[in-house]
Amino acid sequence: MDALAAIAPLGMPDDEGGMNANTLKAQLPAYLAAAAHAAVNAMDVDDFSDAVLQWWRTNGRAFPAWAAAARVAVAFSPNSASCERVFSLLRVMYGEQQSGVL
């Protein structure tokens, strides 16, 4: 989690945006529990996208730091070197078993 602070928006102090590593850590158990119960059809891109967006509309206020972090992650261009490094870092931190979590 602390390595995420290297991503500029995620390294902000709480009073400047509320999504620093400590806030993300505090919200993580509740976020993972809620995301584990999400019904998502990963076989269809449209269904998957709709389900993920709906999940964040419904649950984003309960996990404001993670909602902000998700917006940052989604904003990365999928073919830029910087986002490749971020996704590589996330894969190392959370492993392949977390790939189904929203």
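The values are calculated or read from the model by the stated rules, or taken from the named source; none is laboratory data. The structure presented is a predicted model; accordingly, all values stated were derived computationally and were not measured. We place every Cβ from the backbone using ideal geometry, glycine too, and count neighbours over all the protein chains shown. Accessible surface areas use protein heavy atoms only, side chains included; no ligands, DNA or RNA. Shrake-Rupley method; radii C 1.70, N 1.55, O 1.52, S 1.80 Å.
Taken across the range 82-90, residues that are modelled with pLDDT under 75 and either more than 12 Å from the chain's Cα centre (by Cα) or surrounded by fewer than 10 Cβ atoms within 10 Å (Cβ to Cβ) (or both) do occur, with at least one present.
Can Ser77 be described as of a type in the set (Gly, Ala, Ser), open to solvent by 50 Å² or more (accessible area, probe 1.4 Å), at pLDDT below 80 and under 20 Å from Leu28 (Cα atoms)? It is false that Ser77 is of a type in the set (Gly, Ala, Ser), open to solvent by 50 Å² or more (accessible area, probe 1.4 Å), at pLDDT below 80 and under 20 Å from Leu28 (Cα atoms). For the range 37-50, filtering for residues that are modelled with pLDDT under 90 and either in contact with a Leu (Cβ under 9 Å, 6 or more places away or on another chain) or within 20 Å of Val72 (Cα to Cα) (or both) leaves 4.
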